[in-house]
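Inspection log for the structure reproduced underneath, given as structure tokens.
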Amino acid sequence: MINLPKPNGSLAIAPSILSADLLNLGEALKLAAKGGADWLHIDIMDGHFVPNLSFGPDVVKYINKLNLLPQDVHLMVEMPGDFIDAFTTSGASGLTLHIESKGDLRSMLEKIQASGLHSGISIKPDTKPEEIKPFLDVIDLVLVMTVYPGFGGQSFLEKGPSQIAAIRDLIQKSGRKIWLEVDGGINKETAKLASKAGADALVAGNAVFGQGDIEKAIKEIRQAALSVL
Ligand code: DX5
Ligand code: ZN
């Protein structure tokens, strides 16, 4: 069911297209795949849940036609229930909802899994890690935000490692196989902090697509994250 392969004994790198050159998106994504990226992270914003707008399901459909990597879709929208059908049929591999968004999240997560996608729950930096507890049996991934969501290129928050470690502990105690993905301000340095605290997937936007050499940037982030394990 989960179409997100985990490289053996290592960790997944998920470049975020939010920071990519949108006029040359296809080429940038091919370079990311060539550089060893594991997933593509697609940020969906509605201008309500976060003060920014980004992409819709058609972008996922078009990227899917390139047949490069699994698409990890991060819904930063107030009413995720309005968009579940559009995204489960878009070619995405997984859909992550925010715990702070509105609606019956549990039934949405069940619906995502029943559609054959991995289901994820994301927490903003000020949300208590314990709040994920009621959802641990219906999720395949937790996405820990290490910046306030809405924009790429922000700095990794100091509280990041303690949030990650707390979520790692809850996942461990659940006895379930759940990915711990970290999103926001990841670069060569902060990748080490996140990995040490227990992340097994790292999103990176600016530190990949904002760099001259996309392939090199991915390799360096992976190397840094693995160096502390
Ligand atoms: C922020 C998004 C992130 C963003 C990360 O709201 O969820 O995925 O693209 O960008 P960087 O890596 O530049 O902080
Ligand atoms: Zn994201």
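Values quoted throughout were computed directly from the atomic coordinates according to the rules given, and no laboratory measurement underlies them. What you are looking at is a predicted structure, and each value in this text was computed from that prediction instead of being measured. Using ideal geometry, Cβ is built from the backbone for each residue, glycine included, and neighbour counts are taken over all protein chains shown.
Rounded to the nearest Hz, the phi-derived 3J(HN,Hα) couplings of segment 53-68 under the Karplus curve 6.51 cos²θ - 1.76 cosθ + 1.60 (θ = phi - 60°) are 10, 9, 10, x, x, 5, 5, 4, 4, 5, 5, 4, 5, 6, 6, 9, where x marks glycine and proline.
Restricted to Cα atoms, the chain shows a radius of gyration and a Dmax of 15.8, 45 angstrom.
Between Asp137 and Asn24, the contour length at 0.36 nm per residue exceeds the alpha carbon distance by 36.7 nm.
For segment 146-155, backbone phi angles converted through the Karplus equation (6.51, -1.76, 1.60; θ = phi - 60°) give residue-by-residue couplings of 10, 9, 6, x, x, 9, x, x, 8, 8 Hz, Gly and Pro being listed as x.
Close amide H partners of Gly56, meaning residues 5 or more places away or on another chain with modelled amide H under 5 Å apart, do not exist here.
About the centre of its Cα atoms, segment 156-215 shows a dipole size close to 380 debye [charges on the beta carbon of Lys, Arg (+1) and Asp, Glu (-1) only; nearest 20 debye]. Across segment 188-204, coupling constants 3J(HN,Hα) worked out from phi with the 6.51/-1.76/1.60 Karplus curve, θ = phi - 60°, read 4, 7, 6, 4, 5, 4, 5, 5, 4, 7, x, 6, 10, 8, 10, 8, 9 Hz, and Gly and Pro carry x.
Pairs of Cα atoms in segment 100-229 fall into 10 Å distance bins, from 0 up to the last occupied one, in shares of 13, 41, 33, 12, 0 percent. Here, segment 8-80 is characterised by an Rg to Rh ratio of 0.99, where Rg is the alpha-carbon radius of gyration and Rh the Kirkwood radius. The amide H of His118, built 1.01 Å from its N in the peptide plane, has Asn3, Gly94, Leu95 as neighbours under 5 Å, considering only residues 5 or more places off or on other chains. Over 30 Å apart at the Cα level, from the set Lys173/Lys216; Lys133/Lys196; Lys128/Lys219; Lys61/Lys111; Lys61/Lys124; Lys34/Lys111, are Lys173/Lys216; Lys128/Lys219; Lys34/Lys111.
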